[in-house]
Every structure is written in structure tokens, then in C-alpha cells.
Amino acid sequence: MTSSISPDVLAARLQRLRDQRPRVHCITNTVAQTYTANALLALGAIPSMTIWPEEIEDFVGAAEALLVNLGTFDSMRRNAVEAALAVAQERRISWALDPAHAEASPHRIGLARALLDREPAVLRCNRPEFERLFEATVDVGTVTRAAAKLGLTIAVTGARDIVSDGARTILLDNGHELLTRVTAAGCAATAIVAAFHAIEADSLVATAAALSSIAIAAEIAGENGAGPGGLQVGLLDELYRLTPETLGARLRMTAVRPEDITD
Amino acid sequence: MTSSISPDVLAARLQRLRDQRPRVHCITNTVAQTYTANALLALGAIPSMTIWPEEIEDFVGAAEALLVNLGTFDSMRRNAVEAALAVAQERRISWALDPAHAEASPHRIGLARALLDREPAVLRCNRPEFERLFEATVDVGTVTRAAAKLGLTIAVTGARDIVSDGARTILLDNGHELLTRVTAAGCAATAIVAAFHAIEADSLVATAAALSSIAIAAEIAGENGAGPGGLQVGLLDELYRLTPETLGARLRMTAVRPEDITD
Amino acid sequence: MTSSISPDVLAARLQRLRDQRPRVHCITNTVAQTYTANALLALGAIPSMTIWPEEIEDFVGAAEALLVNLGTFDSMRRNAVEAALAVAQERRISWALDPAHAEASPHRIGLARALLDREPAVLRCNRPEFERLFEATVDVGTVTRAAAKLGLTIAVTGARDIVSDGARTILLDNGHELLTRVTAAGCAATAIVAAFHAIEADSLVATAAALSSIAIAAEIAGENGAGPGGLQVGLLDELYRLTPETLGARLRMTAVRPEDITD
């Protein structure tokens with residue numbers, strides 16, 4: 001479970017995802033559904049999105065990974081999550097949790113906390129969400145300890161991503177500032193995190209490969225001076241074009257030494 | 001009802017759609033709604049999308065064609081379909097059925113089969129959907145016989161589209177391979193199929209004109225080396241710019257001779 | 001409340017919106033949600049979109065403006081509007097109403113009329129919606145009198161926008177003809193109208209600054225010959241890039257003299 005995380009390893013996982021084309025079932029918000037589906041397709045995965053009780057078990061049963069995103073949540077999505085998690089647990093497929101602006105709503109924070117007890121492989125969130133969920137400022141120490149305590153991978157993304165499984169913590173510095181000016185980029189990132197869990201059992205490796213892929217694709221898409229509209233379109237193009245070699249060559253990843261994590 | 005299907009005839013139907021600007025009511029999935037609306041608008045039709053019981057009868061009552069797509073289906077959509085079909089039947093407007101990944105769910109296959117008994121003018125589907133619906137592999141024979149048996153037009157789309165009304169069967173070879181890497185392209189195609197039924201009573205002609213329009217627009221959009229993001233944007237631009245002359249000139253259509261259809 | 005409306009004043013409001021980055025809660029239709037969120041983000045505002053009863057009060061409670069759009073309306077949205085308006089009234093935040101194709105449905109016209117009694121700051125609509133709502137053709141007189149009678153700002157948009165608060169009436173002539181060929185542009189415009197109400201108490205000034213911003217961004221985006229796909233993308237880029245100087249320089253605004261308003 002604790003293989004080394006090198007540029008070559010992440011590059012190889014991108015190739016594996018392309019070869020295996022995993023199915024990812026997404027329970028996600030209506031704002032991000034279309035872009036999430038397009039990002040997964042561009043990368044090489046196959047999305048599905050139904051939340052109807054009559055159908056969701058079949059779709060999750062055919063998927064290799066699951067995303068639960070709490071944006072535009074409602075009663076039907078709550079029921080869909082229960083049905084989906086039951087199938088995911090039975091089939092032992094990994095799932096990723098995205099609390100999607102839970103900082104704005106105590107109710108959504110409560111939902112997110114309850115779901116953290118249902119054994120997600122990974123939590124991908126922004127800084128404000130982490131801070132409300134764990135009542136702590138974001139730094140390598142707080143993220144590492146939260147991951148260790150909960151027994152999962154936590155990725156707090158921003159200008160610099162902090163990713164930890166409790167035992168290993170890494171920093172990722174790729175990306176583009178305009179990602180904060182488009183909707184659904186974070187939601188699509190969590191879907192891609194889920195997709196990599198379909199082809200890699202080491203959750204930290206899967207999460208790092210996923211976040212690097214989307215961040216480097218955004219970086220390349222942003223190099224021609226695109227605004228937020230052009231960046232969204234270019235990000236899909238570059239997710240499609242991204243090669244393992246480019247991923248390996250552009251990756252800016254730093255391993256945090258345990259002694260650098262203060263209590 | 002069985003006029004000849006020539007490039008000139010299809011080109012003339014595109015001009016007629018542009019002139020008449022038909023209203024198309026779409027009961028479709030939340031992932032494809034926006035792109036479907038944009039594709040219809042770019043082409044020259046006018047979309048509406050409500051599924052609310054209190055409003056759907058008025059909207060279908062003002063429309064000249066109807067789309068029923070089974071993606072992200074739910075109870076509200078099921079009720080909407082009943083209300084919409086009642087109005088469509090009363091007003092004798094044509095409707096198109098898209099089973100949207102029904103191969104993944106026995107329940108959705110059941111829904112699709114039940115709707116095939118409700119006299120759609122046309123079924124537009126992918127290969128896996130056809131194969132599950134009719135328990136047969138896809139070839140000119142199986143598609144032709146299924147169309148003849150059900151008394152409607154069937155279009156199975158892919159690298160090569162097979163389109164048949166049971167009496168006449170044609171092959172269409174335009175398109176672009178990246179269409180499989182964007183969401184909503186197939187759903188939008190079925191909406192455009194519905195739109196052409198608003199201005200053409202011969203369902204095979206309407207279906208061929210619709211599928212050719214979107215396939216040729218995609219072909220042109222893909223010629224500059226776009227990735228999946230650029231293709232989506234360019235497809236809307238080219239649906240808007242497509243002239244009847246370009247449609248006629250680029251069309252790659254083959255009529256299947258009856259003696260070539262094996263039992 | 002009746003400050004002068006000059007190009008400099010509108011330009012200054014754009015700068016203020018950029019500086020304050022207001023939160024705008026949007027109860028809007030599923031077709032327009034994504035583009036609306038992207039337009040608000042590109043401009044510099046922060047959108048939220050939930051309609052779930054358990055969460056909406058928290059989200060509206062954290063917002064500085066509210067949008068109510070009647071597209072793809074349903075029971076859940078109706079409940080969401082009630083909860084949102086209660087919070088908006090208590091917190092005295094402004095809200096904008098978009099009747100979204102209400103002309104097609106007597107039921108939706110009824111909803112829109114009932115909501116006009118709930119003290120929106122502004123109604124943004126198209127010509128057919130105004131004509132059905134007020135049973136009058138659109139001209140400076142009918143719009144001015146409707147605004148005066150209801151005590152709110154009314155903006156009827158099209159090739160030429162007519163905007164009035166009953167005391168002052170202006171005409172805005174920026175924009176691009178392809179805006180009629182993309183979905184969600186009008187819905188996004190009303191969201192931007194709501195956003196400017198978060199930073200400007202004079203509703204006519206806020207509405208004029210908002211409509212000018214999106215119209216001039218569209219105008220610039222359309223100058224390179226884009227089709228409807230390219231225009232949508234470019235509009236987001238230009239909303240992001242638009243400077244107060246460009247807004248002021250390109251603005252085509254005419255004040256209607258009271259004596260020119262015929263009874």
C-alpha cells in the first residue's frame with residue numbers, strides 16, 4: 001500500500017487509466033454534471049450520473065469507482081448515496097467524497113461528517129471546507145493528522161495542494177490561477193480522483209496522479225493567455241492530449257519529511 | 001411517405017428547418033440539457049425543457065416536435081413523459097425516443113420497451129442500446145427488421161450510422177471520432193432528429209437530414225485538430241454556419257439494396 | 001436614489017463589484033445553472049445554487065443578492081423561493097426576477113405575477129414575456145408606466161434594451177445578435193443584474209451597469225466572427241477582462257426625456 005510516489009509512477013498510472021477506461025458513477029450537483037462528464041470522457045474514463053433509486057444500483061454495479069459530491073444536494077441524492085454506498089461496499093469499489101462548499105451550511109457540514117464515517121477512500125476539498133470540517137487551519141500538520149485519524153487520503157487543493165494518507169504527505173504545485181474563476185473545476189477534479197482509484201489501490205498514488213493530471217492540463221491550457229471560458233475548453237482538450245511523458249516532465253511534487261510536520 | 005432520399009432533398013430540409021424555426025420540447029437528462037438547447041438554437045430550432053406537470057402541457061402544446069430521452073430519469077420525468085405524450089398524440093406531433101445508456105440498467109431497458117409501444121416516430125440509439133433492446137447484433141438486417149416490425153424509423157449511430165424505416169435502409173458515413181469523447185453529442189443528435197420531424201413528414205428523410213447535419217458540422221469542426229473541448233464549441237459554430245450546399249456536397253450516404261439485407 | 005447615470009458611474013460600479021466580490025444566490029433553471037455560475041465567476045461575483053430546503057436559508061443568509069428564475073420550475077424550486085424570499089426580506093437584500101419564457105405557459109405567468117407582488121428590486125425579461133405579463137406592446141411608455149405602477153425597475157432586453165424605474169428611463173444599444181442563438185445568456189444577464197444590486201442601492205444604476213457589462217462583453221467577443229459556440233466561450237473571457245474604462249468608452253446609453261414618453 002505504500003509504494004514510492006515518483007513522477008514515473010504517476011505517469012504510469014495515467015497510461016493505465018487510458019488503457020483500462022474505467023467506469024465512474026457520479027452523484028454530483030446539477031451545476032457540475034456536464035463539465036464533470038466531459039472531463040472524465042476527455043481523460044479516458046466513462047461517466048454515468050443517474051440518481052434514480054430504480055436505476056442507481058445497476059449503474060454503480062457496473063462502475064469501478066464512485067463519486068459523491070454534496071453540491072445542490074436534495075432528498076433524492078441522499079437516497080441515491082445510501083443505495084450507491086451499499087453497492088460500493090459490497091463490491092469493494094473505492095469512493096471519493098467532495099463536500100462542495102459545505103462551509104456555507106451547517107447542515108451540509110453535518111452530511112459531510114456523517115459520510116466521512118462511511119469509509120471513503122479519499123476526501124478532496126478546498127481550504128474553507130477543510131477548516132470547517134476539522135475546525136483547524138490548513139497546514140501539512142493538520143491535514144496529515146486528520147488523514148491519519150480518519151484512515152483515508154485527504155487532498156486540500158488550492159495554489160498548492162496538500163495531499164496526505166496520514167503516513168505520507170506530499171505537496172503539488174501545478175495548476176492555474178483561473179481555475180478559481182470557473183465553476184465545476186474542483187468537482188471535476190474529485191471525479192478524476194475517483195477515476196484513478198479504479199485503477200490504483202494505493203489511494204495516495206491515485207489521488208496524486210489525478211490532481212497532477214488536471215492541474216498540468218490546466219497549466220498547459222492557460223499558457224496561451226486564455227480567459228476563464230477558453231481555459232475551460234482548453235482544459236478538456238489538454239486532458240485528452242496529456243501524455244504520461246508530459247505529466248512526468250511537468251510534475252512539481254514535493255514529499256514532506258515526517259520531521260517537518262509539527263504537532 | 002416514401003420520397004427518394006437524395007443529397008438535394010436533405011439539403012432542402014435543412015433550409016426548411018431554418019425558415020420555419022420549429023419549437024422542440026425536450027424531456028431530457030440534466031447532463032445534456034444545456035448542450036441540447038445550444039445545439040437546437042445554433043441550428044435554428046427553438047428548445048424548451050420544463051418537466052413540471054403544471055407547465056408541460058402548455059409547452060408541448062406550443063411545440064412542433066417532442067424529444068424523450070431516458071438519461072438521469074426520475075419520477076417527475078416519468079410523469080412528464082405521460083403528460084407530454086398525451087398532448088403529442090392529441091396534436092399529432094412526432095416524437096423521438098433516445099434510450100440513453102439503457103444497456104446499463106434492466107429497468108431503463110424496460111422503460112424504453114414500454115415507450116416503443118407508444119408510437120414514437122423514431123428511435124435514435126447507440127449500438128449497445130440496440131443490442132440490449134432487440135437482443136441482436138447490429139447490422140443492416142437486424143436494424144431493418146426491427147424497424148419494420150415496430151413500424152418506426154430506427155437510427156443506430158456510430159462510426160457508420162444505419163438508418164431504416166423498415167422499407168428503406170441507408171448508411172451514413174459522416175462524423176468525427178471525437179464525438180465519443182464528449183457528453184451530450186448523441187442526446188443533442190436525437191433532439192435534432194426530433195426537430196427535423198417538425199418540418200418533414202417522411203421520418204426517414206427527417207432522420208437522415210438531422211444526422212447528416214450534426215455529423216457534417218462535427219466533421220468540419222474537427223478538421224482544425226480540435227480536442228474534445230474545441231470540438232464541442234466548434235460543433236455549435238458549424239451547426240449555425242452549415243449551408244444546404246455544404247450539407248449536399250459533403251454528404252456520404254449509401255442506400256442499401258433490399259437484396260443486400262440478409263435474413 | 002436618483003443619482004445621475006453616466007458612463008463614469010457605471011464604470012465605477014463595475015470596479016466596485018470587482019473589489020467587493022459579492023455572493024449571489026441563484027434559484028435558476030437546470031439548463032442555465034452552469035453558464036450562470038461561470039458568468040458570475042468570470043465577472044468577479046461568487047455564485048451559489050442550492051434549492052434544498054435544509055440548506056437554502058444558510059446560503060441566502062450568506063449572500064448579498066438573490067436571483068429567482070422561473071425556468072424548469074418545480075415544487076422544490078417553489079418551496080426554495082419562499083424560504084429564500086423570507087431570508088432576503090429579513091436581511092433586506094435585493095432580489096431580481098427572471099420570468100424565463102413565461103409567455104408559453106399561463107401557469108408560469110401566474111407565478112411571475114404573484115412574485116411581482118413580493119417586492120423584487122428588478123424584473124429582467126424579454127419582449128414576449130413583458131407583453132404577456134402586462135398585456136401591452138413594448139415601448140418606452142408601457143415599460144415606464146409598468147415600472148412606476150409596480151415600484152421596481154423593469155428591463156426589457158433585446159436588440160435595444162429599455163430600462164426604467166418609473167421615474168427615469170434609459171435605452172441601451174450594446175450587444176450582439178448571436179445572443180439569441182445561445183441558451184442561458186438572458187438568464188445569466190439577470191444573475192449579473194442581481195449581482196450589481198449587491199453593491200449599488202440605486203436599482204436603475206445597478207441594472208444599467210449589469211446589462212452594459214454583459215452586452216459589451218458579448219460585443220467584443222463577437223467581433224472576431226465567432227459562431228454561437230465561440231461567442232459563449234468568448235463572453236466569459238470578456239466578462240473577466242472587461243475594464244471600467246472599456247465599459248465607459250463603449251457604452252451606448254440614451255436617456256429618454258419624460259416628454260418623449262407618450263401616454
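Restricting attention to segment C:46-70, which residues are more than 11 Å from chain A (Cβ to nearest Cβ) and out of contact with any helix residue (DSSP H, G or I) (no Cβ under 6 Å at 6 or more places or on another chain)? So that I can check it myself, show each step before the final result.
Here is the first cut: in segment C:46-70, the ones more than 11 Å from chain A (Cβ to nearest Cβ) are C:64-70.
If the condition is that a residue be more than 11 Å from chain A (Cβ to nearest Cβ) and out of contact with any helix residue (DSSP H, G or I) (no Cβ under 6 Å at 6 or more places or on another chain), then C:Glu64 is the only one that fits.
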Quiz prompt | Among the residues listed as A:Arg181, A:Arg145, A:Arg168, the single one being more than 13 Å from chain B (Cβ to nearest Cβ), open to solvent by 20 Å² or more (accessible area, probe 1.4 Å) and under 19 Å from A:Glu131 (Cβ atoms) | solution = A:Arg145
Quiz item: Which residue pairs have Cβ atoms under 6 Å apart, sit 6 or more places apart or on different chains, and have a first residue in segment A:185-203 that is charged (D, E, K, R) and a second that is open to solvent by less than 10 Å² (accessible area, probe 1.4 Å) and assigned to a helix (DSSP H, G or I)?
Solution: A:Glu200/A:Ala206
Exercise. Spot the failing condition for A:Thr180; the list is (1) at positive phi; (2) without any contact (Cβ under 8 Å) to a residue 12 or more places away in the chain, and only one is missed.
Key: (1)
Self-check item: Selection status of C:Leu204, open to solvent by less than 20 Å² (accessible area, probe 1.4 Å) and within 14 Å of chain B (Cβ to nearest Cβ)
Solution: no
Quiz item: Restricting to strands (runs of 3 or more DSSP E) lying wholly in segment C:89-208: which have 2 or more residues that are among the β-branched types (Val, Ile, Thr)?
Solution: C:153-157, C:161-164, C:169-172
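Here's the yes/no breakdown for (1) under 26 Å from B:Arg23 (Cα atoms); (2) out of contact with any His (no Cβ under 8 Å at 6 or more places or on another chain):
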{"site": "C:Arg160", "(1), (2)": "yes, yes"}
{"site": "C:Ser164", "(1), (2)": "no, yes"}
{"site": "C:Ile216", "(1), (2)": "no, yes"}
{"site": "C:Ala221", "(1), (2)": "no, no"}
{"site": "C:Thr243", "(1), (2)": "no, yes"}
{"site": "C:Met253", "(1), (2)": "no, yes"}
Quiz item: Scanning segment B:84-115 for residues that are of a type in the set (S, T, N, Q) and under 24 Å from B:Phe196 (Cα atoms), which turns out surrounded by the most Cβ atoms within 10 Å (Cβ to Cβ)?
Solution: B:Ser94
Quiz item: For segment C:116-124, does any single residue satisfy the condition of being more than 23 Å from B:Thr50 (Cα to Cα) and in contact with a Gly (Cβ under 9 Å, 6 or more places away or on another chain)?
Solution: yes
Quiz item: What are the residues in segment C:2-28 that are over 27 Å from C:Ala167 (Cβ atoms) and open to solvent by 10 Å² or more (accessible area, probe 1.4 Å), if any?
Solution: C:Arg18, C:Asp19, C:Arg21, C:Arg23
Quiz item: What number of residues in segment A:4-45 are more than 9 Å from every other protein chain (Cβ to nearest Cβ), modelled with pLDDT of 95 or more and out of contact with any helix residue (DSSP H, G or I) (no Cβ under 7 Å at 6 or more places or on another chain)?
Solution: 6
Quiz item: Quick check: anything in segment C:239-261 charged (D, E, K, R), under 25 Å from C:Gly151 (Cβ atoms) and open to solvent by less than 20 Å² (accessible area, probe 1.4 Å)?
Solution: no
Quiz prompt | Failed item, numbered, when A:Gln232 is tested on (1) farther than 30 Å from C:Thr243 by Cα; (2) under 20 Å from the mean Cα position of the chain (by Cα) | solution = (1)
Quiz item: Is it true that A:Ala194 is at pLDDT 95 or above and surrounded by 23 or more Cβ atoms within 10 Å (Cβ to Cβ)?
Solution: yes
Self-check item: Among the residues listed as A:Arg77, A:Arg132, A:Arg127, A:Arg118, the single one being touching a strand residue (DSSP E or B) at 6+ places or on another chain (Cβ under 8 Å), open to solvent by 60 Å² or more (accessible area, probe 1.4 Å), under 28 Å from C:Phe59 (Cβ atoms) and modelled with pLDDT of 95 or more
Solution: A:Arg127
Exercise. Considering only residues that are open to solvent by 10 Å² or more (accessible area, probe 1.4 Å) and modelled with pLDDT of 95 or more, look in segment C:224-235 and name the one that is nearest to the other protein chains (Cβ to nearest Cβ).
Key: C:Val233
Quiz item: So, in segment C:184-194, of the ones that are in contact with a helix residue (DSSP H, G or I) (Cβ under 6 Å, 6 or more places away or on another chain) and more than 14 Å from chain B (Cβ to nearest Cβ), which residue ends up farthest from C:Asp19 (Cα to Cα)?
Solution: C:Ala189
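The values are calculated or read from the model by the stated rules, or taken from the named source; none is laboratory data. Only a predicted model underlies this, so the values are computations on that prediction, with no experimental measurement involved. Virtual Cβ from ideal backbone geometry, glycine too; neighbours counted across all protein chains shown. In case anyone asks, the SASA skips ligands and DNA or RNA and just uses the protein heavy atoms, side chains included. Shrake-Rupley method; radii C 1.70, N 1.55, O 1.52, S 1.80 Å.
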